[in-house]
Amino acid sequence: MRVLKEGLEKTGRIEIVSKDVGVPLVAFSLKDNSSHDEFEIADLLRRYGWIVPAYTMPADAQHVTVLRVVIREDFSRTLAERLVNDIQKVLHDLDMLPSKMKAKMEMAGEDADRTLFGSKKTEMETQREVTTLWKKFVMERKNKSSGVC
């Protein structure tokens, strides 16, 4: 747990929100989630075989989102170092992607252009739209359910 916390703090981009006492877990969030958020990190970590859930906090703190890693008895130092390394890769990958706001603005611009010119959507545009709507649906469902850190 200590290796994971220290490794995450060393990135300079992550804030540890869990305490050292009680349940053996590390809960953390991005210091700056204006470009990308914790849900994107959770999704990209799946590429590396990690299931690190992202949660929004209960009613009075819904604006806070955290990722949570439960430290099991067999979670070794090597595994902790590998997770930190994979999180750093994910952060780098996210830095290469357009930010959430830029993507939303681009999508809004494409929709406006399509409305003005009446062009038919390509298969890729339809697929992106379906994916975006599905993600929105899933996020709304997650936000309605109360998560526990």
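The amide H of I14, built 1.01 Å from its N in the peptide plane, has K31 as neighbours under 5 Å, considering only residues 5 or more places off or on other chains. Within region 14-94, the GluC sites (Glu not before Pro) that combine a DSSP coil assignment with at most 14 other C-beta atoms in a 10 angstrom radius are E73. Under 5 Å from the amide H of D37 lies no amide H of any residue 5 or more positions distant or on a separate chain, with H modelled from the backbone and absent for Pro and chain starts.
For region 1-105, what does the alpha-carbon gyration tensor say about shape, rounded, prolate or oblate, given a ≥ b ≥ c as the root eigenvalues, a/c under 1.5 as rounded, and a/b over b/c as prolate? The shape class here is oblate. Each residue of region 44-60 is assigned a 3J(HN,Hα), and the resulting list reads 6, 5, 4, 4, 9, x, 9, 10, 10, x, 10, 10, 8, 6, x, 2, 7 Hz, derived from the Karplus form 6.51 cos²θ - 1.76 cosθ + 1.60 (θ = phi - 60°), x at Gly and Pro.
Remark: region 28-40, residue by residue, has Karplus-estimated 3J(HN,Hα) of 8, 9, 6, 5, 10, 10, 6, 8, 9, 10, 5, 5, 5 Hz, where x stands for each Gly or Pro and the curve is 6.51 cos²θ - 1.76 cosθ + 1.60 at θ = phi - 60°. Positive end of the charge dipole of region 1-103 (Lys, Arg +1 and Asp, Glu -1 on Cβ, about the Cα centre): tell me which of I16, T65, I51 has its Cα farthest that way. Farthest along the dipole direction, towards plus: I51. Of the trypsin sites (Lys or Arg not before Pro) in region 45-76, the ones in a loop by DSSP (not H, G, I, E or B) with at most 14 other beta carbons within 10 Å are R72.
Bear in mind these aren't lab numbers, they're just calculated from the coordinates by the rules spelled out. The shown structure was predicted, so the numbers you read here are calculated from the model rather than taken from an experiment. Methodologically, a virtual Cβ is constructed for each residue, glycine included, from the backbone with ideal geometry; neighbour enumeration extends over all protein chains shown.
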